[in-house]
Amino acid sequence: RKLTGITPDAAAIINFQGFKQVVGILGKVCMYVDETTTSIHIGHTADGRTAKPYVTHPDGTVAYKVPGVTPNVYTKGNHCFTPTEALDFVRQRDLLANNDYDYGRQRHQQQFLKALLQAILHDGLTSPTRLPGLLSSVGKAMTVDDGGISLADWAFAMRNVDPNHLVTIKTNDGHFDSRTVAGVGSVELLNSTSRQLLRAAGSDTV
């Protein structure tokens, strides 16, 4: 609000650990993986035991590979994710084939959410046995500021929104423009396109 003058009508914080339960109820979520992604969190030993394939620094970046552990690799192409694989995939930012780090992770999370919405609409809302647990799990996976409008009204207003028509955005067209600020650390500067987008959002001309 201070940066742009825009006051959001409502907002939701998404807990991807919570969405693991949603995928569990659905059974799987299928989506297209747009770049080969190597997990730094989950792998397996030669005898099939689950193990962590990389040791990380305190800030979460990769320190070194653990000998004898093969990481999970999500190759470019169509995948149907189990709950564990889905959570693992959306967490990755270090070993992405295109070296797009945070922007790659953000894009994959956006793609996953659209695929999840498709699965909920197609396989969840039409199933009387799945629906109660699905609604409960979705509720636990989100922290919502509804802007004073009931969630039932938000859901009703969005009932005809096709997930395929949702447009996801990212700052700076997905390209890094980083600077180091003393006492703060690494920051992203907004390029002219991002500033133009925010001005358009403020004037409702996007």
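The values are calculated or read from the model by the stated rules, or taken from the named source; none is laboratory data. Just so we're clear, the structure is a prediction, and the values are computed from it rather than from any experiment. Cβ coordinates were reconstructed from backbone atoms using ideal geometry, including for glycine residues, and neighbour counts include every protein chain displayed. The area values use the complete protein model at the heavy-atom level, side chains included, leaving out ligands, DNA and RNA. Shrake-Rupley method; radii C 1.70, N 1.55, O 1.52, S 1.80 Å.
Using beta carbons and a limit of 9 Å, which pairs, at least six apart or on different chains, have the first residue in the stretch 151-169 and within 26 Å of R195 (Cα to Cα) and the second one outside any loop (DSSP other than H, G, I, E, B) and open to solvent by 70 Å² or more (accessible area, probe 1.4 Å)?
L166/L117
Does A63 satisfy being among the hydrophobic types (A, V, I, L, M, F, W, C) and under 30 Å from L189 (Cα atoms)? Steps first, please.
Numbers: among the hydrophobic types (A, V, I, L, M, F, W, C): yes; under 30 Å from L189 (Cα atoms): yes.
Yes; evaluated as a whole, the condition is true for this residue.
Given (1) in contact with a helix residue (DSSP H, G or I) (Cβ under 7 Å, 6 or more places away or on another chain); (2) part of a loop (DSSP other than H, G, I, E, B), identify the lone condition not met by A46.
Tallying (1) in contact with a helix residue (DSSP H, G or I) (Cβ under 7 Å, 6 or more places away or on another chain); (2) part of a loop (DSSP other than H, G, I, E, B), A46 fails exactly one: (1).
For the stretch 1-44, give me the residue count where each residue is closer than 20 Å to N72 by Cα and of a type in the set (D, E, K, R).
Of the residues in the stretch 1-44, 4 are closer than 20 Å to N72 by Cα and of a type in the set (D, E, K, R).
Which of (1) over 20 Å from the mean Cα position of the chain (by Cα); (2) modelled with pLDDT of 80 or more; (3) surrounded by 10 or more Cβ atoms within 10 Å (Cβ to Cβ); (4) hydrophobic (A, V, I, L, M, F, W, C) is the odd one out, the single condition A182 does not satisfy?
(3)
Please indicate, with yes or no, whether at least one residue in the stretch 52-71 is without any contact (Cβ under 8 Å) to a residue 12 or more places away in the chain, more than 16 Å from T37 (Cβ to Cβ), of a type in the set (V, I, T) and in contact with a Gly (Cβ under 8 Å, 6 or more places away or on another chain).
The answer is no, given that none of the residues of the stretch 52-71 is without any contact (Cβ under 8 Å) to a residue 12 or more places away in the chain, more than 16 Å from T37 (Cβ to Cβ), of a type in the set (V, I, T) and in contact with a Gly (Cβ under 8 Å, 6 or more places away or on another chain).
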